[in-house]
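Everything on this sheet refers to the single structure shown next.
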Amino acid sequence: MVYLSSFHLHSALFLTMFIFNLQFITYTHVLICVSFRFKGSTEIEIIYLEFPLCEEKVVDWKGDELKKMQNLKTLIVKNGSFSKGPIHLPNSIRVLEWHKYPSPFVPSDIFPKKLSICKLQQSDFTSFELRGAMKVSVNLMISFLSSYLIIINSFSFALYFAEVCEYERVKSRQMSIFNTDT
Amino acid sequence: MRELNLDKCQYLTRIHDISNLPNLEIFSFKNCKNLIEIHKSVGFLKKLEILNAEGCSKLMSFPPLKSISLQELRLSYCESLKTFPEILGEMKNITRIRLFDTSIEKLSVSFQNLTGLLNLIIIGNGMLRLPSSIFRMPALSKINFEDCLLPKKNDKLSSMVFTSRAVDIELIKCNLSDEFLPILVMWSANFRPIRK
């Protein structure tokens, strides 16, 4: 089961914004308080991104940003538009839920072997095949980032924090039945 | 992998071999409007419990099923589906089948292998001929047929022993004829109301 402390939550939110060039802030108007130094991407266990349906901007990214998150277990993306699909998914991922997955093919050679739940609704695949599902090469790297954000809207953060906690509560029940097989 | 969901992938035309996912329990690809082919490996997943293919409107055939753990099979709104999948061997964990708006014209003899079936609801297209064997399925207790064709009357049908435990049957627009009605009444010792 994934345990996410408040520290991890802060870290996850912060890094998420960092990856997507802070566009996350403009999309959701969630303004985050992080009053401590960020410890690194290896702390991240959950990323949850939900964009407003009315948002039409495209998140411009390289696609390999997730490579460094060696402890990322849950990745959920809803409603977002991305410039390309992920080039890497961490081997640690158990839950992948990505509505409108931004690639016309399944990343068959990078599918994590511990993946237990895979939801790729409304994606543009023409066929589905996992030829190399179990062949994952993980090049673990640790990156240290540092920065500070200032409290601007603590109320928004409190709401978001409550949502994440609720999500985690529900998801933890689901994840308690996970094991490491495929 | 335990769960795979490809719902509403509008360009998906083929599902290839997924035999490398032997632990799959839930597989859903509903409303994939252009799906035309499903690999036979989908029907041989031993741990599969839920298979949802609803709304795959171009799908004309479905591979045979031998998933002994299967509890839910959803094929409604597969408007081009002409045949119900063959059931290879006993599959007793499916308790309810609902078939709405398909092009299925016939239920195969192997349909009887769904020995745990309690509730069968079919809204046909006026072409689906029901086999008499349905009325002998041992666990079936609730039957709702609409716009279907009842079995053809013959001597075999008249002498058939009705073994279903059905207590509720509803036949709507099923060409229930005067000559078939006595047979149905004979079978229906345990039935609740019959609506013609």
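Residues checked against (1) over 30 Å from A:PHE111 (Cβ atoms); (2) part of a loop (DSSP other than H, G, I, E, B); (3) among the polar types (S, T, N, Q):
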position	(1), (2), (3)
B:ASP17	no, yes, no
B:GLU54	no, yes, no
B:GLN112	yes, no, yes
B:LEU117	yes, yes, no
B:ASN125	yes, yes, yes
Quick one: would you say B:SER41 is of a type in the set (Gly, Ala, Ser), within 28 Å of A:ILE93 (Cα to Cα), more than 10 Å from chain A (Cβ to nearest Cβ) and over 17 Å from the mean Cα position of the chain (by Cα)? yes
Quickly run through region A:84-102 and pick out the residues that are assigned to a loop (DSSP other than H, G, I, E, B), in contact with a strand residue (DSSP E or B) (Cβ under 8 Å, 6 or more places away or on another chain) and over 17 Å from A:LEU53 (Cα atoms). A:LEU89, A:ILE93, A:ARG94
For B:ILE104, only one of the following conditions fails: (1) away from every other protein chain (no Cβ under 14 Å); (2) modelled with pLDDT of 95 or more. What is its number? (2)
Taking region B:21-35 and keeping residues more than 19 Å from the chain's Cα centre (by Cα) and under 19 Å from B:THR83 (Cα atoms) leaves B:CYS32, B:LYS33, B:ASN34, B:LEU35
Can you tell me which of B:PHE29, B:PHE111 is away from chain A (no Cβ under 14 Å), among the aromatic types (Phe, Trp, Tyr) and either at negative phi or free of Cβ contacts under 8 Å to residues at least 60 places away in the same chain (or both)? B:PHE111
Test B:LYS47 against the criterion of being more than 10 Å from every other protein chain (Cβ to nearest Cβ), under 19 Å from A:CYS118 (Cβ atoms) and in a loop (DSSP other than H, G, I, E, B), and give yes or no. yes
Quick one: would you say B:SER76 is buried (at least 16 other Cβ atoms within 10 Å of the Cβ), closer than 29 Å to B:VAL109 by Cβ and either of a type outside the set (Phe, Trp, Tyr) or more than 18 Å from the chain's Cα centre (by Cα) (or both)? yes
Identify, from the list B:GLU54, B:GLU86, the residue that is acidic (Asp, Glu), at pLDDT 95 or above, closer than 19 Å to B:SER103 by Cβ and touching a Lys or Arg at 6+ places or on another chain (Cβ under 8 Å). B:GLU54
Only one of B:GLY124, B:GLY116, B:GLY55 is buried (at least 16 other Cβ atoms within 10 Å of the Cβ), on the phi > 0 side of the Ramachandran plot and of a type outside the set (Lys, Arg). Can you tell me which? B:GLY55
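The values are calculated or read from the model by the stated rules, or taken from the named source; none is laboratory data. Owing to the predicted nature of the structure, the values given are computational and were not obtained by experimental measurement. As a convention, Cβ positions derive from the backbone with ideal geometry for all residues, glycine included, and neighbour counts pool all protein chains shown.
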